[in-house]
Amino acid sequence: MKKQHFIAGIACIIFLACGGPEPRKPVKVKTASYIKESVERNKKMLEMEEKMISEIIKKDSLHFYQNTSDGSWFHYLVKNDTAQYTPKMGDMVALNYNLVSFDNDTIYTKEEIGNLTYLVDKQEDLFPGLRNSVKILKEGETATFLFPSSMAYGYHGDNNKIGTNVPVRSTISILQIEKQKDSIQN
C-alpha cells in the first residue's frame with residue numbers, strides 16, 4: 001500500500017510539474033490616459049509653435065509667406081520663373097541649407113553642413129520638413145522655411161546642437177535637379 005501511495009504521489013508531482021509556462025505580467029501598463037495626456041501636450045506645443053510662426057510672419061513685412069500642406073511656412077529669396085520642374089520621387093537633388101533658431105541664433109551654417117545630394121523620397125537622411133520642402137522648390141531657387149519642431153528634429157533632437165522640440169528656420173537652395181529616367185520620359 002505504501003508503494004502505491006508513493007507511486008501515486010510521484011505521478012501527481014509529475015502531472016503538476018508538466019503544466020506549461022505561465023506568461024509574465026507586464027511591469028508597467030500604459031493606460032489610455034497617459035496617451036491622451038501626451039496627445040494633449042503635443043497639441044499645446046504645436047499651437048504655441050504656430051503662434052511663434054505667426055509672430056515671425058507678422059513682423060516680416062518684406063516677404064510674402066506661403067504655407068505648405070505639411071504645416072511649414074516659407075518665402076522665396078530667389079525664384080526661378082523660367083524653370084517648370086519640381087523634384088519627383090527618385091530624382092537626385094543637389095542642395096544646401098542652414099539651420100537657425102526662431103531667436104535668430106545660428107545652429108548650423110550652410111558651410112558646416114556643406115552641399116548635399118538627396119535621392120527624393122528614397123533616403124531618410126534629412127529631417128521631415130526638409131524632405132518635403134525639396135519637392136516644392138525648382139532648380140536655382142532659394143527659400144526660407146519655418147518648421148515647427150514636429151517637422152524638424154522633434155522630441156529626439158539631433159543629438160548635438162538641436163535639443164528636444166526645437167522649431168527651426170532654414171534657408172534652402174536647390175542647386176541642381178537630376179531627373180530619374182522615368183521623369184525624363186514623362
Open item on the list: Could you work out how much longer the chain between D125 and N67 gets when fully extended? Use 0.36 nm per residue separation minus the Cα distance between them, nm to one decimal.
Closed with: 18.5 nm
Task: Whole-angstrom gap from segment 147-180 to segment 74-101, using each part's C-alpha centre - done: 14 Å
Task: Relative contact order (%) - segment 32-185, alpha-carbon pairs under 8 angstrom, separation at least six - done: 28 percent
TODO: Report the residues of segment 122-150 in range of a label on F102: point 7 Å along Cα→C-beta, backbone N strictly under 11 Å from it.
DONE: 147-150
Task: Residues Y34 and K179, FRET efficiency given R0 of 30 Å [Cβ-Cβ distance, rounded to 0.05] - done: 0.05
Open item on the list: Could you order the peptides 94-106, 110-122 from most to least packed, using the average number of other C-beta atoms within 10 Å per residue?
Closed with: 94-106, 110-122
TODO: Using only C-alpha atoms and all pairs of different ones, pull out the Kirkwood radius for segment 32-185 in Å with one decimal.
DONE: 16.4 Å
TODO: Compute the distance in nm between two label points, each set 7 Å from the Cα along the Cα-to-Cβ direction, one at V78 and one at M48.
DONE: 3.7 nm
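Order the peptides 128-139, 34-45 from the highest to the lowest mean number of other Cβ atoms within 10 Å of their residues. Write down the numbers at each step before the final one.
Numbers: 128-139: 20.1, 34-45: 11.3.
Descending mean neighbour count gives 128-139, 34-45.
FYI, it's all coordinate maths here, none of it is from the lab. Computed from a predicted structure; not experimentally measured. Neighbour counts run over all protein chains shown; Cβ positions are idealised from the backbone, glycine included.
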